[in-house]
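Contents: one structure, followed by commentary.
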Amino acid sequence: MMEPRAWHDELSRKQALGILAVLEQCEEARGGKAFKEAMVCAISTHFGVRDVTFFHGRTYAEIFDDPAPVLTGAAAPLLTAYRDRWQDKDVFALPRSRRVLSSCGFATLDELPKLPSPQHSYVVDYLRPNDIGTASAIHLPLADGQALVGMFDKVRSWDRSDLIAMRVLARHLRSRTATIAITEESVDPLGNLTRRQLDVAELVGHGLSNAEIAERLSLSELSIKKYISRIFDVTGHRNRSELAIAVLRRDRKSHAQHRDHEADAGV
């Protein structure tokens, strides 16, 4: 009996190199508008997708309200019509689309059969008349919300290796984007913390428990709980996970600035 092939055996050399190239551009872009544009360009270039879009929102539902999405090709001139008539009928806004995308990170239109009437109209009366026969999307969790990278073509057949490649790409992208912010923020959300509060926040970000933080800082666990409660009040973060992501973002930005400084100094 033949053993099933590992996912990396299913991919062509071009697909594997495409995944690496997109991940590399993700690392280089860091965040903001540059990240949106880098993702759109990289996926279009390395996976041969005709039209790519990038929508970002604070929550999944708000993704489709993005006031400044990045759109390419045939999708770009359709934004006004999308806003006026089709936004609330987007197939990827459906609860079951959200479940698939949130679970595995990638979904195609073909995986969403028996669409409700409004979404069926979206496909038949909006996409197809505008030379868009196929649609798919990657879902990305971000430090400041969530995003969908949409992929559209006149005709595209997603074979088994294509689907594996996009799901592998989505999985690796999603592991990297949790510390990336799209919104341009000039204010550090941790900037108003006291030195001691920042010490506590950084230890939370490094995964230490309250007991471990208390031992490290020679304080009681009750004091640490009070510090963390105050940190939430100051930063607006709702839980330890959000705080940890903010700490990781701050560390990432600090390291990037340090590298830039060394490059400018010719080190």
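Things worth noting here:
- Radius of gyration and Dmax over the Cα atoms of segment 128-196, both given in Å: 17.8, 60
- Positive contributions from Lys and Arg (+1) and negative ones from Asp and Glu (-1), summed over other residues with Cβ under 14 Å from the Cβ of LEU112, come out at +2.
- Remark: the CYS41-ARG160 segment gains 40.5 nm on full extension, using 0.36 nm per residue and subtracting the alpha carbon distance.
- Taking the Cα centre of the chain as reference, the dipole from Cβ charges on Lys and Arg (+1) and Asp and Glu (-1) amounts to some 480 debye.
- Computed from the alpha carbon positions, the gyration tensor of segment 86-139 leads to an equivalent ellipsoid with semi-axes of 18, 12, 9 Å, biggest first.
- P(r) tail fraction, the chain - alpha-carbon pairs more than 23 Å apart, %: 59
- Farthest toward the positive end of the dipole of the chain, out of LEU20, PRO77, SER209, is the Cα of SER209, where the dipole comes from beta carbon charges about the Cα centre.
- Fraction in percent of alpha-carbon pairs per bin - 10 Å, segment 1-141: 10, 37, 36, 14, 3, 0
- Computed [θ] at 222 nm, deg cm²/dmol, the chain (DSSP H ≥ 4; -39,500 (n - 2.57); rounded to nearest 500): -15500 deg cm²/dmol
- Note on ASP131 and ARG195: the model spin-label points, each 7 Å out from Cα along the C-beta direction, lie 6.3 nm apart.
- Expressed as a whole percent, the accessible area of the chain that falls on carbon and sulfur atoms is 52 (1.4 Å probe).
- Rg to Rh quotient for segment 153-240, alpha carbon positions, Kirkwood Rh: 1.24
The values are calculated or read from the model by the stated rules, or taken from the named source; none is laboratory data. Fair warning: this is a prediction, and the values are worked out from it, not measured in the lab. Note: ideal-geometry Cβ built from the backbone for every residue, glycine included; neighbour counts use all protein chains shown. With ligands, DNA and RNA removed, areas are computed over all heavy atoms of the protein, side chains included. Shrake-Rupley method; radii C 1.70, N 1.55, O 1.52, S 1.80 Å.
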